[in-house]
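K.L.:
My structure is below; once you've seen it, I'll send some questions.
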Amino acid sequence: MNLELKGKKALVTGSTRGIGRAIVECLADEGVDVAICSRNAEDVRKTIAALEVKGITAIGQAVDVCDGDAYKTWIQASAKELGGLDIFVANVTGSGGEGEQSWRNHFDADVMGTVRGCEVSLPYLKASDTGAIVVISSIVAVETFLTPSAYNAFKAAIINYAKHLSQQVGAEGIRVNSISPGATYHAGGVWESIESDNPALYQKTLAQIPLGRMGAPEEIAKAVVFLASPASSYTSGTNLIVDGGYTRGVQY
């Protein structure tokens, strides 16, 4: 299938490792010029070098999406340097913490990182003939998992936000969708830590996945890139679950 992405311009937050890194790799493979960010400048540098080998333009900067002013300035500067923006992917998630601090961290990163990114990107996406936003949520937004937590609650919030935003900007030709990945295993990721530190939880979760394994970042990335592409031009306002069959709810 031709995704019709060659020459498009994309901005992806939290894009130097895990799912975010896989997304920009997949976009670059399709000929998309990309802007990336991470809080670690060296990770940004290494990722840009790897992407440029693919023959596309890759730019990036160390940015904390919780720093609203710096984040907005980076998006505007990146869109200008790329020569426009066709795709915005909100991928950053909070770093946790305990008690009320956890709720503040996740609100700032997951909710406001998504909202600010969408709002600042919209003028550029309106100028595109294929403007698309993809918000990365999680199956914990639609399925009970462990205990009440900020991560679960705010991942649900951004699905709600994406759906409402899709209704508001659809008439301007911008599509908005969210993706809810299931357990995704990669080096340095949360499930690698759980496998080591809490093997009982790891094995319990694995046993509940009908496909019998956890996902790879590349499998999530391919779904993201498809939703962001003109090949998915009539899809907007949906939340795509990519979880190997883990969730039990039926989507009518």
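K.L.:
Just checking, does the range 81-90 include any residue being farther than 20 Å from SER138 by Cβ and of a type in the set (Phe, Trp, Tyr)?
P.N.:
no
K.L.:
Now for a separate question. In the range 154-188, what residues are surrounded by fewer than 17 Cβ atoms within 10 Å (Cβ to Cβ) and either closer than 19 Å to ARG17 by Cβ or in contact (Cβ under 8 Å) with a residue 40 or more places away in the chain (or both)?
P.N.:
Matches in the range 154-188: GLN167, GLY170, GLU172, GLY173, ALA187, GLY188.
K.L.:
Could we say that GLY14 is under 15 Å from the mean Cα position of the chain (by Cα) and surrounded by fewer than 23 Cβ atoms within 10 Å (Cβ to Cβ) here?
P.N.:
On the way: under 15 Å from the mean Cα position of the chain (by Cα): yes; surrounded by fewer than 23 Cβ atoms within 10 Å (Cβ to Cβ): no.
For GLY14, the condition - under 15 Å from the mean Cα position of the chain (by Cα) and surrounded by fewer than 23 Cβ atoms within 10 Å (Cβ to Cβ) - is not met.
K.L.:
Looking only at helices (runs of 4 or more DSSP H) that lie completely in the range 64-131, which have at least 3 residues being in contact (Cβ under 8 Å) with a residue 60 or more places away in the chain and under 19 Å from GLY14 (Cα atoms)? Before the answer, list the steps.
P.N.:
Values: elements: 68-82, 99-106, 113-126.
Ranges flagged: 68-82, 113-126.
K.L.:
Report yes if some residue within the range 209-216 is aliphatic (A, V, I, L, M), in contact with a Leu (Cβ under 8 Å, 6 or more places away or on another chain) and crowded, with 21+ Cβ neighbours inside 10 Å; otherwise report no. I'd like the intermediate steps shown before the answer.
P.N.:
Narrowing the range 209-216 to residues aliphatic (A, V, I, L, M): 209, 211, 214, 216.
Narrowing the set further to residues that are in contact with a Leu (Cβ under 8 Å, 6 or more places away or on another chain) leaves 214.
In the following step, the residues that additionally are crowded, with 21+ Cβ neighbours inside 10 Å were identified as 214.
Within the range 209-216 (the criterion being aliphatic (A, V, I, L, M), in contact with a Leu (Cβ under 8 Å, 6 or more places away or on another chain) and crowded, with 21+ Cβ neighbours inside 10 Å), the answer is yes, since at least one residue qualifies.
K.L.:
Going through THR114, THR57 one at a time, which residue ends up being within 25 Å of ARG45 (Cβ to Cβ), in contact with a strand residue (DSSP E or B) (Cβ under 8 Å, 6 or more places away or on another chain) and hydroxyl-bearing (Ser, Thr, Tyr)?
P.N.:
THR57
K.L.:
Could you list, in sequence order, all residues of the range 1-44 that are within 23 Å of LYS126 (Cβ to Cβ) and basic (Lys, Arg)?
P.N.:
LYS6, LYS8, LYS9
K.L.:
Right, something else. Given (1) charged (D, E, K, R); (2) more than 17 Å from ALA132 (Cβ to Cβ); (3) buried (at least 19 other Cβ atoms within 10 Å of the Cβ), where does LYS9 come up short, assuming only one miss?
P.N.:
Exception for LYS9: condition (2).
K.L.:
So VAL135 fits all but one of (1) in contact (Cβ under 8 Å) with a residue 60 or more places away in the chain; (2) within 27 Å of GLY7 (Cα to Cα); (3) crowded, with 21+ Cβ neighbours inside 10 Å; what number is the exception?
P.N.:
(1)
K.L.:
Here is a further query. Select from the range 68-95 the residues that are under 21 Å from ILE133 (Cβ atoms), acidic (Asp, Glu) and surrounded by fewer than 23 Cβ atoms within 10 Å (Cβ to Cβ) and list them in ascending order.
P.N.:
Hit for the range 68-95 is GLU81, nothing else.
K.L.:
Would you list the helices (runs of 4 or more DSSP H) that sit entirely within the range 133-252 and hold 3 or more residues that are of a type outside the set (Gly, Ala, Ser) and under 30 Å from LYS9 (Cβ atoms)? Explain how you work it out, then say what you get.
P.N.:
Details: elements: 150-169, 190-197, 199-207, 217-228.
Here the list reads 150-169, 217-228.
K.L.:
Still on this structure, I have one more. Pick from GLU143, GLU119: which is at pLDDT below 95, surrounded by fewer than 23 Cβ atoms within 10 Å (Cβ to Cβ) and either over 25 Å from MET214 (Cβ atoms) or out of contact with any helix residue (DSSP H, G or I) (no Cβ under 7 Å at 6 or more places or on another chain) (or both)?
P.N.:
Numbers: GLU119 fails: at pLDDT below 95.
After applying the criteria, what remains is GLU143.
K.L.:
Taking the stated definitions as given, is VAL190 closer than 20 Å to SER95 by Cα, at pLDDT below 95 and among the hydrophobic types (A, V, I, L, M, F, W, C)?
P.N.:
On the way: closer than 20 Å to SER95 by Cα: yes; at pLDDT below 95: yes; among the hydrophobic types (A, V, I, L, M, F, W, C): yes.
Taking the combined requirement at face value, the residue satisfies it.
K.L.:
Is it true that LEU85 is touching a Gly at 6+ places or on another chain (Cβ under 9 Å) and farther than 21 Å from ILE158 by Cα?
P.N.:
Working: touching a Gly at 6+ places or on another chain (Cβ under 9 Å): yes; farther than 21 Å from ILE158 by Cα: yes.
Considered against the rule, which asks whether it is touching a Gly at 6+ places or on another chain (Cβ under 9 Å) and farther than 21 Å from ILE158 by Cα, LEU85 comes out as yes.
The values are calculated or read from the model by the stated rules, or taken from the named source; none is laboratory data. Since the model is a prediction, treat every value here as computed from it, not as a measurement. Note: ideal-geometry Cβ built from the backbone for every residue, glycine included; neighbour counts use all protein chains shown.
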